[in-house]
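Written below as structure tokens is the structure these notes are about.
Where a number appears in this text, it was derived from the coordinates with a stated rule and is not lab data. Quick caveat: nothing in here was measured; it's all calculated off a predicted structure. Neighbour counts run over all protein chains shown; Cβ positions are idealised from the backbone, glycine included.
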Amino acid sequence: MQNTFRISMRKGLLVAGVVLLAAIMSLGLVLQAGGRVEAAGLTSAEKSWLTTLREEEKLARDVYLVLYEKWQKPIFSNIAASEQRHMDAVKALLVKYGVGDPAAGKGIGEFSNPAFRDLFVRLTAQGSTSLTEALKVGVFIEETDIEDLNAALAVATRPDIKRVYGNLLQGSYNHLDAFEASLAKD
Ligand SMILES: [Fe+2]
């Protein structure tokens, strides 16, 4: 009688364990499904801008790193570090919404979008001719970023995406001011 009781206790524990495991697994599936629902909720314009802006911030970072190597002016290394943070902010959105990262595994000057590769070659060449040209390259990059961030903001529907783009826009205005002030002194 006692043995039968013990066996049924063990069976009960086993069943409880299986039920708990199944519950944990199904919770995981629900969470995963939640992530997919979010990804599906982005418009194609939003996805496309996330992909473009990830590489546009990378273009800025990569060009400024090259120009820092050339001219050894802290303005380029400081702003390159800021562009890295901008890249990271866009990457976090790509991950959150399940959009592929175009910058994955790409070194300095490497891009998925050939237009950015061409710009990298052109802008680093221009910026290597003189410090003034390097600062003008900075102005050009920041003005382009501001234009594109405004275009991206115009079609953004998600509050978190709008918030990140707003921060990036503010950063670009600060960088533009810094390059213009430096040009005026140069
Ligand atoms: Fe910038």
Could you give the semi-axes, largest first, of the ellipsoid that matches the range 43-185, computed as the square roots of 5 times the alpha carbon gyration tensor eigenvalues and rounded to whole Å?
26, 16, 12
Each residue of the range 56-69 in turn: what ³J(HN,Hα) in whole Hz from Karplus with 6.51, -1.76, 1.60 and θ = phi - 60°, glycine and Pro shown as x?
5, 5, 5, 4, 4, 4, 5, 5, 5, 5, 5, 5, 5, 4
Can you tally the net charge around Ala45? Count Lys and Arg as +1, Asp and Glu as -1, for every other residue whose Cβ sits under 13 Å from the Cβ of Ala45.
0
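Applying 1/(1 + (r/R0)^6) with R0 = 30 Å to the Cβ-Cβ distance of Arg163 and Asn78, what FRET efficiency is obtained, to the nearest 0.05? Write out the running numbers ahead of the final one.
Values: r = 24 Å, r/R0 = 0.79.
E(calc), rounded to 0.05, equals 0.80.
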Residue among Ala151, Ser44, Ser128 farthest towards the positive dipole end of the range 43-185, charges placed on Cβ
Ser44
